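The values are calculated or read from the model by the stated rules, or taken from the named source; none is laboratory data. None of the values given here were measured: they were computed from a predicted structure. Here the Cβ positions follow ideal geometry from the backbone for every residue, glycine too, while neighbour counts run over all protein chains shown. Side chains are part of the model used for accessible areas, which takes the heavy atoms of the whole protein and leaves out ligands, DNA and RNA. Shrake-Rupley method; radii C 1.70, N 1.55, O 1.52, S 1.80 Å.
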Amino acid sequence: MRSTTLAVVLCAVLGSTSSLASASFANRSLGLGVSGFSLQPNGADVVTWGVPVTLEGGLYVENGFDLYLHIPFMLLSQKVGFGPDKSAPGLILATGGQFGVRYLFMEESVRPYVMLHLAGLYLFRDSTLGNNFYAGPGAGVGIDFFVADSISLGLRATADMYLTLNPPAGSSAVLLSIGGGAAITTYF
């Protein structure tokens, strides 16, 4: 009797959880994300780390391919007291973006993926302190977990290689951004 009751309870629980987290078949997505990154080599262009909050959009193409756009609004940390008059602020604002394609290995309630994109970074600061614009290729990996029919929670890690054509003296022409973050997305 006891094993029969346990079997009935297990079937009820397993049957109900599969319906709670079924994956969406909608083609468009909109989400919000938060992450962190560091620029390497450490302290290159006097910016060390950043915290972006991203507005994210996506469009499912087909056969596991998805186009995406991430638009970040960032708070960056830079070295204090450098530049011609030694008055550079410690925190600055920045924006940029990532536009690319990702490939979904599975299209169920758990969706692991890889992504390739073009990335840009624009710093709102005095141009005498260093370059304000960087662009280059990037890649990443991630996974989305559906918690409802049209809502997913995701984790991802990215690496972007930022290039500039005219680095100031003592700066690198190539910066590597390594970061990770989380996002909540709705599908419609």
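Of the residues in segment 134-146, not one is at pLDDT below 95, open to solvent by 40 Å² or more (accessible area, probe 1.4 Å) and within 17 Å of S177 (Cβ to Cβ). Taking first residues from segment 105-127 that are in contact (Cβ under 8 Å) with a residue 12 or more places away in the chain and partners that are open to solvent by 70 Å² or more (accessible area, probe 1.4 Å) and in a loop (DSSP other than H, G, I, E, B), the Cβ contacts under 6 Å between residues at least 6 apart in sequence or on separate chains come to P112/F105.
Tell me, which residue of segment 147-168 that is touching a Phe, Trp or Tyr at 6+ places or on another chain (Cβ under 8 Å) and assigned to a loop (DSSP other than H, G, I, E, B) is modelled with the highest pLDDT? Going through the qualifying residues, I end up with S150. Could you please give the count of residues in segment 34-76 that are of a type in the set (A, V, I, L, M, F, W, C), in contact with a Lys or Arg (Cβ under 9 Å, 6 or more places away or on another chain) and open to solvent by 40 Å² or more (accessible area, probe 1.4 Å)? Total satisfying the criteria: 3. The set of residues from segment 127-146 being of a type outside the set (A, V, I, L, M) and part of a strand (DSSP E or B) comprises F133, Y134, G136, P137, G138, G140, G142, D144, F145, F146. Scanning segment 134-161 for residues that are under 16 Å from L69 (Cα atoms) and among the polar types (S, T, N, Q) yields a count of 1. Output the residues belonging to segment 14-46 that are within 27 Å of M74 (Cα to Cα) and at pLDDT below 80. Within segment 14-46, P41, N42, G43, A44, D45, V46 qualify.
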